[in-house]
Amino acid sequence: MSYTIKSGECVSCDYCHPQCLKGAIKAQADGQGYWIDPTLCDRCEDVEVPRCISVCSVNALTVLPPKKGR
């Protein structure tokens, strides 16, 4: 399971982007915020709280719910 950024809640502060060791956090095409590539996000398995979660001051990240039927 990976994380996602809640729509409209990212303030583009750029705190999370450099924290992602896997490069899963990507800039939006319009430059207004970020998105997380679920194929790259590993929830920072080496630490208790994922790095992006620990630095986000507006709590814009949440667990990506699993798709139904999978």
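The values are calculated or read from the model by the stated rules, or taken from the named source; none is laboratory data. Because the structure is predicted, anything quoted here is derived from the model rather than measured. As a convention, Cβ positions derive from the backbone with ideal geometry for all residues, glycine included, and neighbour counts pool all protein chains shown. Ligands, DNA and RNA are stripped out before the accessible areas are found, and what is left, the full protein with its side chains, is counted by its heavy atoms. Shrake-Rupley method; radii C 1.70, N 1.55, O 1.52, S 1.80 Å.
Okay, here's what the table says:
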quantity: Portion, in percent, of the accessible area of the chain that falls on carbon or sulfur, probe 1.4 Å; calculated: 50 percent
quantity: Cβ-isolated cysteines (cut-off 4.7 Å), the chain; calculated: Cys10, Cys13, Cys20, Cys41, Cys44, Cys56
quantity: For the chain, accessible area per residue (1.4 Å probe, heavy atoms of protein chains only), Å²; calculated: 71 Å²
quantity: 17 Å Cα-Cα reach of Lys26 towards aspartates and glutamates, excluding residues that sit fewer than 8 places from it in its own chain; calculated: Glu9, Asp14, Asp37, Asp42
quantity: Length gained when the stretch Trp35-Met1 is fully extended (0.36 nm per residue, less Cα-Cα span); calculated: 10.7 nm
quantity: Radius ratio Rg over Rh of the chain, counting only Cα atoms, Kirkwood formula for Rh; calculated: 0.94
quantity: Spacing of the two label points (7 Å from each Cα toward its C-beta) at Ala27 and Asp46, in nm; calculated: 2.6 nm
quantity: Relative contact order (percent, whole number), the chain, Cα cutoff 8 Å, 6+ residue spacing; calculated: 45 percent
